[in-house]
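Some notes on the structure that comes next.
The values are calculated or read from the model by the stated rules, or taken from the named source; none is laboratory data. All of these numbers come straight from a predicted model, not from anything done at the bench. Cβ placement follows ideal geometry from the backbone for every residue including glycine, while neighbour counts extend to all protein chains displayed. The area values use the complete protein model at the heavy-atom level, side chains included, leaving out ligands, DNA and RNA. Shrake-Rupley method; radii C 1.70, N 1.55, O 1.52, S 1.80 Å.
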Amino acid sequence: MTKNEVENLIKRYCYVSEAIEKGLSTAKFYIGNRKKVVNITEEVIKVCELIVLIYESETDEDIKNMIKYILEGRSDVNIIGVLPFEKNSYYSRKDAFFQKVYDCCISKNLVSFEEILKERIA
């Protein structure tokens, strides 16, 4: 699983988690009048479980709310308007959340060594 795939999964979590709960093999949804399909694999289920664990382990209420809003599929503009973060601090915290999920995926061997080497440093 690549970093981009993990980020896309986080962004589409609301659709994917609903498909997992229903026991479907694919999550089908529309984004901007375009049909998107996410295959529900064991890796996808494990990543979703990691996302829930990270959400539950967070102690800061504002960060917890940010994660909840991201997982609900709200837009960045909407989240910035609701939370007490400035634009730059919101995006840095969002990037840190995405990185934490990716790091957890690495620790659970969901990301191959080759994928880690392909990641650009700058």
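Structural remarks
- Ranked by the mean number of other Cβ atoms within 10 Å of their residues, highest first, the peptides 32-39, 77-84, 100-107 fall in the order 100-107, 77-84, 32-39.
- Over the chain, accessible surface divided per residue gives 65 Å², non-protein components excluded, 1.4 Å probe.
- Rg to Rh, two decimals, where the chain supplies the alpha carbon set and Rh follows Kirkwood: 0.96
- Computed [θ] at 222 nm, deg cm²/dmol, the chain (DSSP H ≥ 4; -39,500 (n - 2.57); rounded to nearest 500): -20500 deg cm²/dmol
- Relative packing of peptides 108-120, 86-98 - highest average C-beta neighbours within 10 Å first: 86-98, 108-120
- Helices in the chain that qualify as membrane-span-like (whole DSSP H runs, Cα extent of at least 18 Å along the helix axis, mean Kyte-Doolittle hydropathy of -0.5 or higher) are 42-57.
- Selected from TYR91, TYR55, ILE40, residue furthest toward positive end of dipole (the stretch 1-116; charges at beta carbon): ILE40
- Label point at GLU72 placed 7 Å out along Cα→Cβ; residues across the stretch 79-98 whose backbone nitrogen lies under 15 Å: 79-84
- The stretch 82-122 and the stretch 1-46: distance between their alpha carbon centers, rounded to Å: 18 Å
- Over all other residues within a Cβ to Cβ distance under 13 Å of ILE79, the charged ones net out to +3, with Lys and Arg as +1 and Asp and Glu as -1.
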